[in-house]
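Notes follow the structure.
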Amino acid sequence: MRTERFQGKIGRTLAESEPWFEELPHPGEQAPNVVVVLLDDTGFAQMGCFGSEIDTPNIDALAAGGLQFTNFHVTPLCSPTRAALLTGRSQHKAGMRSVSNFRTGFPHMLGHVSTRTATMAEVLRDQGYATFAVGKWHLAPMEECSAAGPFDQWPLGRGFDRFYGFLDGETDQFHPELVCDNHPIEPPAGPDEGYHVSEDLVDQALKMIADSKGVRPDRPFFTYLAFGATHAPHQAPPEYMAKYKGRFDEGWDVIRERVFQRQLERGIIPEGTQLAPRNPGVDAWDSLPDNQRRLAARLQEAFAAFLDHTDVQIGRLVDGLRQMGQLDNTILVLMADNGASQGGGPFGVMHEMKFFNAIFETPDEAIARIDDIGGPHSHTNYPWGWAQCGNTPFKWYKQNTHEGGVHVPMIFHWPQGVTAEQRGLRDQFVFVSDIAPTLYELIGVQAPEVYRGVPQEPVSGHSFAHVLGDADAPAANTLQYFENGGSRALVHDGWKAVCRHEKGADFLTEPWELYRIADDASECNDLAAAMPEQLEALKELWWQEAERHGVLPLDDRGVELFGVRFRDRSPHPENRRYVYRPPMAPMPGQASAALGGRSFDMTAHVTRTAGQDGVLYASGTENSGFSFFVQHDRLVFDYNAFDAHTVVESDIVVPEGASALTVKVRRQGGRVGEAMLEIDGVACGSAHLPLFMLMMSSVGPSVGYDHGSPVSTRYRAPFPFQGTLHEIVIQASPERFADATAAEHAAEMGRQ
């Protein structure tokens, strides 16, 4: 950091003066590069080197050439893990007890990373590193993630020199909502041209590194590459889908047993570990009806294809570093942010927006679209059975503080720092906040006590640098708490106490479980009844750790907080009147007019001549949403309710010159509605809406064109409006239907 202080001497003349040149910080000629690769919703057993039957040869090669940590733990949710990873503090001290989409008024849930916990990027940049973030962020309030900002919690505001990726918790892999540095951009291509965002992310990461090293070869870099994979939607190029056709027809019971045996044989899990029984809601594969098995198998094929494709991109990253001569002196950490996701429910989902609109497709209904799975016309997540298979040998999932939610793979690769003799497995307990202090020790830097004038919380993670060269070294982290939405756990001295909280249950009286985790890694033998004193001691220790790390107050609110979010600085006016004037960048859903589950009027003020057609306003994707446009001189409204298109076309032409083009959408009783068109106040068409959507899409709107995949089948995106669009005025009903609010809440937590 430049201080612009002057320590020379200024006299009346140059002869009487002494110049002084500030020496900028530099970590030293031998300082290693750092690359952290983060996968999303990837369970302990989903990589080949951890027992999976999915092909991940590039990840496996990193493990074989480095260290494979088999007792690595994270938080059960993505934003908290990312906050702990980047700061070296507990997620609660970092202000991120849950996803970044809301705040609670308490220090442990700010909606962003606390300024009292400087990130690795901030620390390393001040030591002379180039810093790059690529991929998923999800550490800023989403209502602040439009082109209007503010930008202080975007990656460039938290220590990164460059950013290319997406700010929300997920994105469509073929039509991503991309940001470059501090501004939204359009993807460089589409799926018809072979585009997939994972490939784009690696291209951009390598370009940033090459640009930096080409000009400043002396300057090391820190690159944080956070893939959207393998978070839903599970999407992959068609050749990867074809590769896995039929590979999972044996079902989750047979494959989970094979994975488990492989883990035992390779020493991935301790000898004597039991395979946890099927979770509640996971039925025996052989008991499932044919269509349910067919659907479940194809959904798992999409996940496998997605992970395989991601592995290839990781291989491209490694090859690129090798070709630049940078691989040997690069510390590469590869990990997952939490266990496999339970978001697909018992059957899996073809389109998660249907699920969040309380439209529960049975396998018999969903099977008609089975060939869409994995492609751009799908938004899928697999069923619980495959998620538990991905968490083998554990029980439960992401969001739970049992091992299935928090015990994930981690690989540490550093050719110059880990010799061939030192390579292999490491079974010491490590938590995600331990990574930052380990890297600081290896590089030789210290986190500041004051950063930009703000006193800092102490780094609470424990360096495991001593473990890298010694497989028998004791773990540095011997006491670790967990908490998510009221679910709690504590690992200490070979024991684990864990409570799977049910919303609304009494925190003080609900039951805990007790496991001798050193001998029972999969939490199969609950000792709570047999050893109540041991359990009580661990529970009391949990409360002490909770107070020390800022976990309190315990709070099981989640979905209901999305409605209030950041009200005092919200882009949503109290009267729900929005005015948009092009040119505007695409807006994230949470920062744009909230129309799902609301009646609304939308008026476009335009000036045009005959033949000047195009989109006035579009929100959503080819899977769901609506588009308001002019085509063949007629005003058109296409309401796409999950491929059921209700199209209203004006029975009069749009006049030349200035005009006001209006669509009025009204919800009627139940889940139906009506759409009505007006041109200059004259009614000119209407249609019944047989399904009124409560939540339309996770993709926000665009003004004057259709961003991403086309909402309507009547045009090819972006189909920009060719006349002059002066403004779009939206008046939404101030009150939202209660079931719509509930649907959005469920969607946000389900997605995240």
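A few notes on this one:
- Angle in degrees between helix 78-87 and the longest Cα principal axis of the chain, rounded to the nearest 10: 50 degrees
- Summing Cβ point charges (Lys, Arg +1; Asp, Glu -1) relative to the Cα centre of the chain gives a dipole of roughly 1180 debye.
- Dipole axis of the stretch 563-751 (+1 Lys, Arg; -1 Asp, Glu on Cβ), positive-most option in 703, 690, 592: 592
- As computed over the stretch 480-557, the Cα convex hull volume per residue (Å³): 89 Å³
- For the residue pairs 395/503; 503/539; 136/207; 245/354, alpha carbon separations beyond 22 Å are given by 245/354.
- Taking 245, 207 and counting other C-beta atoms within 10 Å, the order from fewest to most: 245, 207
- Looking at the chain, the DSSP beta bridges with both ends there are about 75 percent antiparallel.
- Toward the positive end of the charge dipole of the chain, with +1 on the Cβ of Lys and Arg and -1 on the Cβ of Asp and Glu, the farthest Cα among 85, 179, 284 is that of 179.
- Prolate/oblate/rounded call for the stretch 132-200, Cα gyration tensor, a/c under 1.5 rounded: prolate
- The packing ranking, built from the mean of other Cβ atoms within 10 Å per residue, places the peptides 285-298, 488-501, 63-76 in the order 63-76, 488-501, 285-298, highest first.
- What you get for the stretch 563-751, charging only the Cβ of Lys and Arg (+1) and of Asp and Glu (-1), is a dipole of about 500 debye around the Cα centre.
- Short to long, the 5 Å bins of the Cα pair-distance histogram for the stretch 426-486 hold 4, 17, 21, 21, 17, 11, 7, 2, 0 percent of all pairs.
- Since only 728, 34, 546 are under comparison, the one whose Cα sits farthest along the positive direction of the charge dipole of the chain, derived from C-beta charges on Lys, Arg, Asp and Glu, is 728.
- In a fully extended conformation the segment linking residue 64 and residue 531 would gain 164.0 nm over its present Cα-Cα distance, using 0.36 nm per residue.
- Based on the convex hull around the alpha carbon atoms, the chain presents an average projected area of 36.2 nm².
- Global form of the stretch 563-751, assessed from the alpha-carbon gyration tensor, a/c cut-off 1.5: prolate
- Within the shell of other residues whose beta carbon sits under 15 angstrom from the beta carbon of residue 301, the net charge comes to -1, with Lys and Arg scored +1 and Asp and Glu -1.
All of the numbers you see were taken from the coordinates with simple rules; none came from a lab. If you're wondering where the values come from, they're calculated on a predicted model, not measured in any experiment. Cβ atoms come from the backbone with ideal geometry, glycine included; neighbour counts cover every protein chain shown.
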